[in-house]
Amino acid sequence: MQSKSSLYMIRTLTIGLVTLCLLPQAGRAQASESAIGQQPQPFELRKEHDSLYWVGDWRLPYPVYQFQTGDVNGDGSEDAMVGVVKGTRFYPEKARRLFIFKQVNGKVRPLWLGSKLGGILEDFRFVDGRIRALESTTDSLYVVSDYKWSGFGMKFDHHIIKGVDKETATKYFGN
């Protein structure tokens, strides 16, 4: 019998391998779906209770604070962006994280399970093919930044505004 920690490591490794293996094949997966007439279904977030959600067939055992859809990686198909509250291996304190999912052969699969963008993530939204993030800093200031897809994960693109109070940042975040 395997211990919980070894199962966790196997599960984490498997998720990472699946994500890495599927990324280069995204175009082929779409082509095969088109060839057999299947159209990707719209993403749906279902709440079972406060700390268990489902994105299609993908179980999210975390509180969710945000859900958006859009073409994050520029492949022409819709992706799901889900804001979850959880700790990670490198950042064990529970905080807001961003997960991005895609559809592969009609199934929801992770595209990116992010630990961190830049600052302390407060909220995000999808704007003009980019993730716009409202982030706080350790010195109680706020930043609004845009991130774009870079092959495997989100990459900082530019600041909309930085080093401001929450009210000012929120105005820029909403525009």
(request) Mind listing just one residue for me: the one in the stretch 127-162 that is open to solvent by 50 Å² or more (accessible area, probe 1.4 Å), within 17 Å of residue 112 (Cα to Cα) and not polar (S, T, N, Q) and, of those, modelled with the lowest pLDDT? (result) 152
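Does residue 139 count as closer than 25 Å to residue 89 by Cα, charged (D, E, K, R) and over 19 Å from the mean Cα position of the chain (by Cα)? If you could, list the steps in order and put the result at the bottom.
On the way: closer than 25 Å to residue 89 by Cα: yes; charged (D, E, K, R): yes; over 19 Å from the mean Cα position of the chain (by Cα): yes.
It is true that residue 139 is closer than 25 Å to residue 89 by Cα, charged (D, E, K, R) and over 19 Å from the mean Cα position of the chain (by Cα).
Out of the stretch 41-50, which residues are open to solvent by 50 Å² or more (accessible area, probe 1.4 Å) and in a loop (DSSP other than H, G, I, E, B)? Spell out how you get there, then give the answer.
Here is the first cut: in the stretch 41-50, the ones open to solvent by 50 Å² or more (accessible area, probe 1.4 Å) are 41-42, 44-50.
If the condition is that a residue be open to solvent by 50 Å² or more (accessible area, probe 1.4 Å) and in a loop (DSSP other than H, G, I, E, B), then 41, 42, 44, 50 are the ones that fit.
Need a quick list: strands (runs of 3 or more DSSP E) entirely within the stretch 59-163 having at least 1 residues that are without any contact (Cβ under 8 Å) to a residue 40 or more places away in the chain.
Working: elements: 64-70, 79-86, 95-104, 107-113, 120-127, 130-136, 142-149.
Correct list: 64-70, 79-86, 95-104, 120-127, 130-136, 142-149.
Looking only at the stretch 164-175, count how many residues are open to solvent by 40 Å² or more (accessible area, probe 1.4 Å) and either in contact (Cβ under 8 Å) with a residue 24 or more places away in the chain or within 22 Å of residue 110 (Cβ to Cβ) (or both).
Taking the stretch 164-175 as the starting set, the residues that turn out to be open to solvent by 40 Å² or more (accessible area, probe 1.4 Å) are 165-168, 170-172, 174-175.
Cutting the leftovers down to either in contact (Cβ under 8 Å) with a residue 24 or more places away in the chain or within 22 Å of residue 110 (Cβ to Cβ) (or both) gives us 165-166, 168, 170, 172.
So the answer is 5.
The values are calculated or read from the model by the stated rules, or taken from the named source; none is laboratory data. Model, not experiment: these values are computed from the prediction. Cβ atoms come from the backbone with ideal geometry, glycine included; neighbour counts cover every protein chain shown. Side chains included, ligands, DNA and RNA excluded: accessible areas come from the protein's heavy atoms. Shrake-Rupley method; radii C 1.70, N 1.55, O 1.52, S 1.80 Å.
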